[in-house]
Amino acid sequence: MAGGQTDGEDKVSLELTEEIIQSMEVGMAFRDYNGRISSMDFHKTSNYLVTASDDESIRLYDVSNATCLKTINSKKYGVDLVSFTSHPTTVIYSSKNGWDESLRLLSLHDNKYLRYFKGHHDRVVSLSLCARTECFISGSLDRTVLLWDQRADKCQVDLLYMYGLLRVKGRPATAYDDQGLVFAVAFGGSIRMFDSRNYEKGPYEIFSVGGDVSDANVVKFSNDGRLMLLTTKDGRIHVLDSFRGTLLGTYNVKPVSSDSTLEASFSPEGMFVISGSGDGSVYAWSIRSGKEVASWLSTENNPPVIKWAPGSLMFVTGSSELSFWIPDLSKLAAYIGRK
């Protein structure tokens, strides 16, 4: 990617700072989508990125040279959420056809379904895979949160039903930490923390998020597991200490519609948060100061999906196009000289 830092040797030793974030601009964009990008995921140990789009396509990219390696169409089922398994060409994705809410394990290498996971009866709105085992969690508008094993067709357990929470109101959000040791289930203004090895014992902590009871959208852990964030329909991004549950800060953006998702992402070292907004804009905040450090306005009116590339000075947004945001080195010349 011209001017970008994407491959192994380009994982710059520069410490991520406010100046670097403020210099970031779109270095490359793919504009050949015929619908909005609904989800994307970086593989943890390769240079691959996968996207899902309303045009019913799943696309695999090699980020190191900014090329689309493969496009697979899911015309029969549609596609909404997509996540890599531990293998760089195998994904799990959710449907978007309104009549079959099964999850599917798909080989991108030969476009073959390896397994179907049947259990949800409404749109799946959250999907998180465990880095340590073959397990994954899915949350749905049918008010269920299901724990699965990739090697079995049927779910291992309905977590909400197990703990008498079958009638929970609102949509759930789920996430494993990067080590696969704990997972979080957020809904109704709180986050329930589970030990992934002893989930049968129920949540070991329940964290409140300051009285915000609007629908949970996304819950995520920082790379080191020390922080977590929760986004909600009302346009709030809450950042918490994941050990104590202390609310460290709340950032506000435009609310999102009930059929959209407000996504946010930690920077690799966990010092900054970037987020979309209900008006399509992108914002960045310093966790240390709690202040907004940068914003990029948009002509679109839906929140973009947004992910920070692992170990890189780059983040990616997905809307009607896929955009790779990188530092503008010309703006940084004076700053680098001072360093």
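The values are calculated or read from the model by the stated rules, or taken from the named source; none is laboratory data. Since we're looking at a predicted model, the values are computed, not measured. Neighbour counts are summed over all protein chains in view; Cβ atoms, including those assigned to glycine, are modelled from backbone coordinates with ideal geometry. Note: areas computed on protein heavy atoms with side chains; ligands, DNA, RNA excluded. Shrake-Rupley method; radii C 1.70, N 1.55, O 1.52, S 1.80 Å.
Quick notes
- Inverse of mean 1/r across different Cα pairs in the range 171-304, Kirkwood, Å: 14.8
- Put simply, the Cα atoms of the range 120-244 extend 37, 32, 23 Å along their principal axes, the longest span coming first.
- Karplus-derived HN-Hα couplings along the range 140-148 (A = 6.51, B = -1.76, C = 1.60, θ = phi - 60°), whole Hz, x at Gly and Pro: 9, 5, 7, 6, 10, 10, 10, 9, 10
- Cβ-derived FRET efficiency at R0 22 Å, E300 paired with D32, nearest 0.05: 0.85
- Long-range amide H partners of F315 with built H, under 5 Å: A309, W325
- Within the range 112-133, backbone nitrogen closer than 20 Å to the virtual label 7 Å beyond the Cα of T71 toward Cβ: 112
- Theoretical FRET efficiency, 1/(1+(r/R0)^6), r = Cβ-Cβ of K118 and E25, R0 56 Å, to 0.05: 0.80
- Since only F194, F42, G318 are under comparison, the one whose Cα sits farthest along the positive direction of the charge dipole of the chain, derived from C-beta charges on Lys, Arg, Asp and Glu, is F194.
- Pairs spanning more than 29 Å between alpha-carbon atoms, out of K44/K70; K76/K220; K118/K233; K44/K96; K70/K307; K96/K254: K76/K220.
- The range 10-63: radius of gyration and largest Cα-Cα distance (Dmax), Å: 14.2, 39
- For the range 150-155, 3J(HN,Hα) per residue [Karplus equation, 6.51 cos²θ - 1.76 cosθ + 1.60, θ = phi - 60°, Hz, x = Gly/Pro]: 4, 8, 9, 6, 9, 5
- Length gained when the stretch R151-E269 is fully extended (0.36 nm per residue, less Cα-Cα span): 39.2 nm
- Between K254 and G278, D279, the built amide H atoms are under 5 Å apart, and every one of these is 5 or more places off in sequence or on another chain.
- Across the alpha-carbon set of the range 64-139, the Rg to Rh ratio works out to 0.96, Rh being the Kirkwood radius.
- Cα-based Rg and Dmax for the range 241-339, where Dmax is the largest Cα-Cα distance (Å): 14.7, 47
- Counting only protein heavy atoms and using a 1.4 Å probe, the accessible area of L230 comes to about 10 Å².
- If R0 is taken as 41 Å, the Cβ-Cβ distance between N111 and R288 corresponds to a FRET efficiency of 0.35.
- With 5 Å bins from 0: P(r) over the range 12-138, alpha-carbon pairs, percent: 2, 10, 19, 21, 18, 13, 8, 5, 3, 1
- Whichever aspartates and glutamates have a C-alpha closer than 13 Å to that of K201, once near sequence neighbours (fewer than 8 apart) are set aside: none
- Think of it as helices only: each DSSP H run of n ≥ 4 in the chain is worth -39500 (n - 2.57), and spread over all residues that comes to -1500 deg cm²/dmol at 222 nm.
- With θ taken as phi - 60° and the Karplus curve 6.51 cos²θ - 1.76 cosθ + 1.60 applied, the whole-hertz 3J(HN,Hα) list for the range 300-305 is 8, 10, 10, x, x, 6 Hz, x standing for glycine and proline.
- Distance from the range 255-281 to the range 224-253 (C-alpha centre basis), Å: 12
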